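Below is one structure, written out as structure tokens; comments come after it.
The values are calculated or read from the model by the stated rules, or taken from the named source; none is laboratory data. Values in this document were obtained by computation on a predicted structure and should not be read as measured data. Virtual Cβ from ideal backbone geometry, glycine too; neighbours counted across all protein chains shown. Please note that ligands, DNA and RNA were not included when accessible areas were found on the heavy atoms of the full protein model with its side chains. Shrake-Rupley method; radii C 1.70, N 1.55, O 1.52, S 1.80 Å.
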Amino acid sequence: MEYRAGRVFLDPSLPGLTPEQRRGVYEAMTAVLCQIHRADITALGLQDYGKPGEYVARQVHRWTRQYRASETRSIPAMERLIHWFPQHLPQTQRTAIVHGDFRLDNLVFHADKPEVVAVLDWELSTLGDPLCDLATSCLAHFLPPDFPILRGICVPGLSSLGIPSAEEVFGQYSRVMGLPDTANWQLYMAFSFFRVAAILQGVYKRSLTGQASSASAESAGQLAEQMADLAWDFATKEGFRVFKAMPGGAGAGQGRGPGPPQSRGLSTWARCGPSRPTGARPFSSIPPSPPPLSEAALIVSPAGLPPRVQNLHLLLERFLQDHLLPQEQLLRDHQASSRCWSPHPLIEELKEKARQQGLWNLFIPVETDPDCRFGAGLTNLEYAHLCEVMGRSVYAPEVFNCSAPDTGNMEVLIRYGSPQQQEEWLHPLLDGTIRSCFAMTEPKVASSDATNIEASIRLEDDSYIINGHKWWTSGALDPRCKLCVFMGKTDPSAPRHRQQSMILVAMDTPGVKVIRPLSVYGAEDPPGGHAELLFEDVRVPRHSLLLGPGRGFEIAQGRLGPGRIHHCMRLVGQAERALELMKDRVKSRVAFGKPLVEQGTILADIARSRIEIEQARLLVLKTAHLMDTVGNKVAAPEIAMIKVVCPSMALRVIDRAIQAFGAAGLSNDFPLAAFYSWARALRLADGPDEVHRAAVAKMELRR
Ligand SMILES: Cc1cc2nc3c(=O)[nH]c(=O)nc-3n(C[C@H](O)[C@H](O)[C@H](O)COP(=O)(O)OP(=O)(O)OC[C@H]3O[C@@H](n4cnc5c(N)ncnc54)[C@H](O)[C@@H]3O)c2cc1C
């Protein structure tokens, strides 16, 4: 050993470096690992440095033993892994010097150049399978930034930071080492996380016996389970790869066989990095009718989500718990104060925090944004679980830049906006620096039938002149609202569904007048509100029209599908929170000599609520799954069904919670009253129940 001066990077996201410098650092890391693995053991006289061969098998055995010795309860994923590994050991293993703990913070870098000058911490080094080191070097790729024992870089948009994805790291390694491929890398990731889980379980056991005492030691038990789940997720992907490679395996494709039946992990992996193979999710070749739902295809619990999404789920839950729910009363009080029409500064602070954690623009479906240019590349099904968490607080969607009507407007701009429209409006919306509204409904006509809309959009020279009377334009009163997506008629003589167009109107254009805020059960929902607006000879440039004249319905269809399901996902979350509040309340209040929870009617109400939430959630998840696999058009019956089911379900659950709370349930001291009025509004907003039921019946009769 010798003294070497240089830099040690403790934060793997490498703050303060440019994307090129970050890439350079990660490439140097893999390059030095190749150098270590190339070392000639015999020439160095290190033949006895460890046992040759069977390294992974021995390691699995060793960590299984360690785990068993510190087991405090059964961790299902550990049991599955212990059974799985011996049957899936690598067929061929090279032997090299293995560092044993090869991580970025164990390297010293040159002061100016992306070059490793020293490798530290060799205490676990031995002879073994070098791919284990490579997998260890990629652990951070699958952990969130605030993971307690190892800072992670599992955030959306990793490639924009310049950091190569784990897949790219494995690719670089196999190129430099001249290996044919490292197709079984997921096995090595599974092993690495298995080892981390076993270590954490050991820490947890020591905390129980008083040998290790800190808050993080106590939480190690929970983390051990999470790591085991992550390991199992990689194991299932590896199992699926082997299954596909077996004669008849891939072609059979029926989800039956020795491997797990779904490739969800593979597609998730493909979406994580910039090198997502084109055609990995063949949307265009999807059959037109819904395929049978296999058990694994429909992930009904967050525990079944791919690791990256599980992490987002965990981060969201923690964010709500730590930062948002404790501040809700403050925000409610602000909304009831005389300053209510100015957004509370806390919201902007929380937005910044959420953004730093990668909890930002998660709503954009991978189908709309296959290269993850704007969002996190989640499927609707994955987002359903995350959006449900956001539904727990009425303030959450805005904090994560996932709130209506901005989400619908952003999706419209991604799908149909010209580069100029995207530059002007989409980017500030994605950044959360402005907000927007959507003006379709009019007071003078029954707007549940959008063909009734009377507002006019008339071409004059190089401008469109807009005239119309709108109401219930949500969000229009927010001082940050700069854009209105306006629906009106460009050609009243065209066929019924070709008369309407959508056009982008800057809110400060002369002629846009706010008449008043409308109220829902007396509440004006500041600072966005629901505005009655007058558009009088509003002149906007010709290029503000979206997609083209007469294409308003086409855009509305693209806009409303995802928007509707997002409302439903959030309503499931609202209902969950209402039930949770109800359970806490009835355990702590005593009436007529016993806790309320012991009253039969209360028990029946709790049971009814649980049953109804589960039913609604399953239908929401099925709808999301269909949207992912067969598209919004084929999923139209389910989209209409959930739009009817969820608001009514939430209303019943929230109403029972309010009843159990007594008068307090109606007050501003709890979120229940706001939940109730919003759920009620959603029986109308985005189309009344009757219209959706009529659509379901029509489609049913056509079947
Ligand atoms: C809180 C809130 C926020 C909103 N935000 C927006 C927004 O941001 N932008 C926007 O443009 N609009 C918004 N809306 C308006 C909403 O979309 C409309 O209220 C809705 O489409 C119904 O239109 P309407 O109010 O004109 O009702 P109408 O069309 O007059 O219908 C009235 C009733 O008639 C019945 N009905 C209608 N059709 C049928 C049928 N086929 N069969 C049987 N019965 C039927 C239903 O009971 C319906 O509720 C919002 C509404 C609310 C409450």
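Numbers at a glance
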| quantity | calculated |
| --- | --- |
| Residue within region 433-446 that is away from the ligand (no atom under 16 Å from the Cβ), modelled with pLDDT of 95 or more and open to solvent by less than 10 Å² (accessible area, probe 1.4 Å) present | no |
| When residues of region 566-609 are limited to those that are polar (S, T, N, Q) and open to solvent by 40 Å² or more (accessible area, probe 1.4 Å), the one modelled with the lowest pLDDT | 588 |
| Residues that are open to solvent by less than 30 Å² (accessible area, probe 1.4 Å) and either of a type in the set (Val, Ile, Thr) or in contact with a Gly (Cβ under 6 Å, 6 or more places away or on another chain) (or both), drawn from region 163-200 | 163, 165, 169, 182, 196 |
| Of all residues in region 1-43 being charged (D, E, K, R), within 35 Å of the chain's Cα centre (by Cα) and open to solvent by 50 Å² or more (accessible area, probe 1.4 Å), the one that is farthest from residue 129 (Cα to Cα) | 20 |
| Conditions (1) closer than 29 Å to residue 379 by Cβ; (2) within 16 Å of the ligand (Cβ to nearest atom); (3) over 28 Å from the mean Cα position of the chain (by Cα): number failed by residue 640 | (3) |
| Single residue of region 682-703 satisfying the filter (more than 11 Å from the ligand (Cβ to nearest atom) and open to solvent by less than 70 Å² (accessible area, probe 1.4 Å)) that is nearest to residue 561 (Cα to Cα) | 696 |
| Residue within region 451-467 that is of a type outside the set (D, E, K, R), near the ligand (Cβ under 8 Å from one of its atoms) and surrounded by fewer than 19 Cβ atoms within 10 Å (Cβ to Cβ) present | yes |
| Residue list for region 468-480, filter: open to solvent by 20 Å² or more (accessible area, probe 1.4 Å) and either at pLDDT below 95 or more than 8 Å from the ligand (Cβ to nearest atom) (or both) | 469, 477, 479, 480 |
| Residue list for region 510-529, filter: surrounded by 15 or more Cβ atoms within 10 Å (Cβ to Cβ), closer than 29 Å to residue 418 by Cα and not small (Gly, Ala, Ser) | 512 |
| Subset of region 67-81 (residues that are surrounded by fewer than 15 Cβ atoms within 10 Å (Cβ to Cβ) and part of a helix (DSSP H, G or I)) | 68, 69, 76, 79 |
| Residue list for region 361-387, filter: acidic (Asp, Glu) and more than 8 Å from the chain's Cα centre (by Cα) | 367, 369, 371 |
| Subset of region 645-689 [among the charged types (D, E, K, R), farther than 26 Å from residue 334 by Cβ and in contact (Cβ under 8 Å) with a residue 24 or more places away in the chain] | 652, 656, 683, 686, 689 |
| Yes/no for residue 613 being open to solvent by less than 20 Å² (accessible area, probe 1.4 Å), part of a helix (DSSP H, G or I) and over 30 Å from residue 442 (Cα atoms) | yes |
| Search result, residues across region 514-542 that are in contact with a Phe, Trp or Tyr (Cβ under 9 Å, 6 or more places away or on another chain), assigned to a strand (DSSP E or B) and closer than 23 Å to residue 424 by Cβ | 531, 533, 535, 538, 539, 540, 541 |
| Out of 660, 673, sole residue that is away from the ligand (no atom under 16 Å from the Cβ), open to solvent by 10 Å² or more (accessible area, probe 1.4 Å) and at pLDDT 95 or above | 660 |
| Test: residue 679 is more than 15 Å from the ligand (Cβ to nearest atom), of a type outside the set (Asp, Glu) and either outside any helix (DSSP H, G or I) or open to solvent by less than 30 Å² (accessible area, probe 1.4 Å) (or both) | no |
| Selected residue (only one of 410, 390 is more than 22 Å from residue 153 (Cβ to Cβ) and either within 15 Å of the ligand (Cβ to nearest atom) or more than 15 Å from the chain's Cα centre (by Cα) (or both)) | 410 |
| Condition met for residue 572 (part of a strand (DSSP E or B) and aliphatic (A, V, I, L, M)) | no |
